[in-house]
Protein chains: 2
Amino acid sequence: MGEKHVAVVGATGMVGREMVKVLEQRDFPVSRITLLASERSKGLQIKFRGDLIPVEVLNTNSFKGVDICLFSAGAGISREYAPIAVEEGAVVIDNSSAFRMEPEVPLVVPEVNGQEAFKNKGIIANPNCSTIQMVVVIAPLHRKAVIERIVVTTFQSVSGTGKKAVDELERQVKQIQSGEHATCEVYPHQIAFNVLPHIDVFLKNGYTKEEIKMVNETKKILGEPDLRITATTVRVPVFVGHSESVNVQFSKSITPEEAREILVEAPGVEVIDDPERNLYPLPIHCAGKDPCFVGRIREDPSAPNSLNLWIVADNLRKGAALNAVQIAEILCENKAI
Amino acid sequence: MGEKHVAVVGATGMVGREMVKVLEQRDFPVSRITLLASERSKGLQIKFRGDLIPVEVLNTNSFKGVDICLFSAGAGISREYAPIAVEEGAVVIDNSSAFRMEPEVPLVVPEVNGQEAFKNKGIIANPNCSTIQMVVVIAPLHRKAVIERIVVTTFQSVSGTGKKAVDELERQVKQIQSGEHATCEVYPHQIAFNVLPHIDVFLKNGYTKEEIKMVNETKKILGEPDLRITATTVRVPVFVGHSESVNVQFSKSITPEEAREILVEAPGVEVIDDPERNLYPLPIHCAGKDPCFVGRIREDPSAPNSLNLWIVADNLRKGAALNAVQIAEILCENKAI
């Protein structure tokens with residue numbers, strides 16, 4: 001396949017840096033890379049294939065000649081600049097929530113609904129981190145026995161919020177160790193040695209936007225607008241790696257053994273499920289890795305045809321950067337770009 | 001009511017110390033206090049009402065003249081010594097799992113089934129921490145609209161394991177800060193900046209004993225042997241305070257407003273539920289406090305008559321020491337001791 005001019009918008013953020021790293025690690029056919037960020041990042045350089053690439057300040061002229069543009073700079077920036085990139089002829093893969101629920105924008109997890117990517121009209125949305133890792137694991141089960149209902153509770157790491165939140169957790173730990181008051185700049189409450197049942201903003205119905213993202217995006221990716229699903233999303237003092245306790249009710253029987261057999265073969269999934277040897281997915285082990293890990297697969301006798309699952313993935317990689325690059329890969333491989 | 005000779009077995013553990021503190025704080029009618037522990041604690045003294053009480057080494061002669069004996073030294077010690085204490089005429093309130101599921105042993109949460117305490121034949125069991133805080137909140141709702149099914153995921157603090165686990169979390173944080181490998185003595189994996197879907201031992205069916213405790217104890221306390229309930233219990237790097245994401249399906253409609261009205265009036269419950277002002281229960285705020293806190297009360301549209309709740313309590317107090325002392329109080333107040 002031909003080499004592409006790739007741009008990364010938000011290149012100095014945690015996800016942006018991971019995107020550059022993943023492009024290099026996966027040997028993506030890059031002829032030229034353009035790293036874009038805000039005025040604040042002016043003067044920074046990021047390494048790509050041994051070269052230090054200077055970060056450029058994003059502006060309306062940034063997209064000339066760009067083939068693929070990965071956005072991860074927040075919904076506002078995406079809304080403003082993605083249409084300009086498309087106008088210039090680029091395909092945009094957008095990691096923000098800006099376009100995810102727009103009917104004409106494909107919301108893609110390659111292992112689940114990769115073919116949707118070809119329907120794009122210039123913009124493809126990358127789903128929310130907590131949604132991606134769940135659908136990678138449940139989609140192959142859904143194909144075997146249609147899912148009727150999902151009850152999910154998440155344990156999300158601070159890197160999902162960004163570098164400032166990672167710094168906040170580190171700073172608060174030191175403040176508490178010194179007997180000082182933990183100051184809060186990023187989160188409304190202390191995150192060190194605490195858990196916050198609050199991710200993104202609250203909506204009128206009492207749910208957070210993060211919870212509603214999981215509900216709506218899961219329905220869209222699975223192509224099941226009537227799927228019954230409820231979520232409680234919680235921030236925990238973990239640096240990288242989101243964990244999820246997922247209760248799934250199916251339309252027909254699926255035993256833990258059958259689920260395990262399906263998942264062992266499923267693309268992008270790795271089963272770690274040997275409780276006798278204390279083996280189950282853990283965020284500290286999944287950080288830096290590509291698969292969505294699943295374990296603690298067990299029958300839930302409280303409802304018919306139900307299973308409990310424990311799903312963990314690196315929220316910066318499969319939850320964001322890796323998924324975006326995988327979307328770019330299927331476009332390239334199919335000469336759709 | 002007459003004053004009592006109270007003994008605390010396991011007095012130097014985290015729960016034992018909290019029991020002594022709660023007895024003093026609640027002005028329990030103590031004529032004499034006997035503090036018992038293992039050989040290792042010999043020579044230690046614990047303050048009670050201004051006096052330093054020497055800790056005695058537990059033996060078969062420790063219970064002479066004791067009226068009430070609070071046990072919190074593990075199931076093995078309870079199995080061995082509780083019958084001896086009963087033989088000597090004491091009423092035992094046992095915080096271990098040793099007797100909880102024995103049919104003739106009442107399993108008591110005073111706000112929920114206090115009257116069961118009077119049926120004791122010498123031993124009353126104090127439920128598991130994660131069970132207590134959940135039933136205090138759901139029992140008043142169950143009285144309004146019978147509960148059909150519960151899906152619960154917990155976020156449990158290290159103090160639930162004991163002082164060694166608190167030390168392990170502190171030590172691991174320092175090791176990681178110094179770039180060292182975090183050593184594990186208490187938990188099978190690093191707990192600092194991590195979450196462990198593993199509390200107590202694994203059973204053949206893939207559940208942990210902690211998860212099955214929540215299932216069985218909830219049924220026994222509510223007097224609903226056929227209640228449908230499933231649990232996923234997870235250890236988090238929090239020092240004190242367990243949090244729970246609880247999905248409850250009722251037999252008839254109960255709106256979040258109705259639930260809030262019931263819970264505001266419910267004994268032992270405090271509602272903190274004002275998301276617009278970022279107010280919801282947090283373990284760091286609930287540590288050291290008596291109530292079971294509940295917030296994020298919201299309708300779950302994924303199943304009929306369902307609510308999501310976020311429940312937090314101090315696992316050492318209401319989850320253990322306070323509940324045990326409250327049981328002793330109702331016995332004393334009713335001259336049942």
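Structure above, values below:
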quantity: Per-region count, region A:47-65, residues more than 15 Å from A:Gly16 (Cα to Cα) and either among the small types (Gly, Ala, Ser) or in a loop (DSSP other than H, G, I, E, B) (or both); calculated: 9
quantity: The lone exception for B:Pro267 - which of (1) surrounded by 21 or more Cβ atoms within 10 Å (Cβ to Cβ); (2) within 24 Å of B:Glu116 (Cα to Cα) it fails; calculated: (1)
quantity: Neighbours by Cβ (under 7 Å, 6+ apart or cross-chain): first from region A:199-214, within 11 Å of chain B (Cβ to nearest Cβ); second basic (Lys, Arg); calculated: A:Val201/A:Lys209; A:Leu203/A:Lys209; A:Asn205/B:Arg298; A:Gly206/B:Arg296; A:Gly206/B:Arg298; A:Tyr207/B:Arg298
quantity: Unique residue being more than 30 Å from B:Lys213 (Cα to Cα) and either in contact with a helix residue (DSSP H, G or I) (Cβ under 6 Å, 6 or more places away or on another chain) or touching a residue at least 60 places away in the same chain (Cβ under 8 Å) (or both) when the list is B:Phe28, B:Phe48, B:Phe71, B:Phe63; calculated: B:Phe48
quantity: Within region B:200-221, considering residues that are surrounded by 22 or more Cβ atoms within 10 Å (Cβ to Cβ) and not polar (S, T, N, Q), the one nearest to B:Phe239 (Cα to Cα); calculated: B:Glu210
quantity: Residue within region A:56-79 that is at pLDDT below 95 and under 30 Å from A:Pro140 (Cβ atoms) present; calculated: no
quantity: Long-range neighbours under 8 Å by Cβ, at least six apart or interchain, first residue farther than 18 Å from B:Ser306 by Cβ and within 13 Å of chain B (Cβ to nearest Cβ) within region A:216-234, second of a type in the set (Phe, Trp, Tyr) and crowded, with 20+ Cβ neighbours inside 10 Å; calculated: A:Val234/A:Phe155; A:Val234/B:Phe155
quantity: Residue check, B:Asn216 in the same structural domain as B:Gln190 (by TED's automatic domain parsing), at pLDDT 95 or above and on the phi > 0 side of the Ramachandran plot; calculated: no
quantity: Condition met for B:Val248 (within 22 Å of the chain's Cα centre (by Cα), of a type in the set (Val, Ile, Thr) and farther than 28 Å from B:Arg17 by Cβ); calculated: yes
quantity: Index of the failed condition, A:Ala117 passing every other in (1) free of Cβ contacts under 8 Å to residues at least 24 places away in the same chain; (2) in contact with a strand residue (DSSP E or B) (Cβ under 6 Å, 6 or more places away or on another chain); (3) buried (at least 18 other Cβ atoms within 10 Å of the Cβ); calculated: (1)
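Okay, residues lined up against (1) within 8 Å of another protein chain (Cβ to nearest Cβ); (2) over 23 Å from the mean Cα position of the chain (by Cα); (3) crowded, with 24+ Cβ neighbours inside 10 Å:
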residue	(1), (2), (3)
B:Ser243	yes, no, yes
B:Leu279	no, yes, no
B:Phe293	no, no, yes
B:Ser306	yes, yes, no
B:Asn323	no, no, yes
B:Ile327	no, no, yes
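The values are calculated or read from the model by the stated rules, or taken from the named source; none is laboratory data. Just so you know, these numbers come straight off a predicted model, no measurement behind them. Don't worry about glycine lacking a Cβ; one is built from the backbone with ideal geometry, like all the others, and counts go over all protein chains shown.
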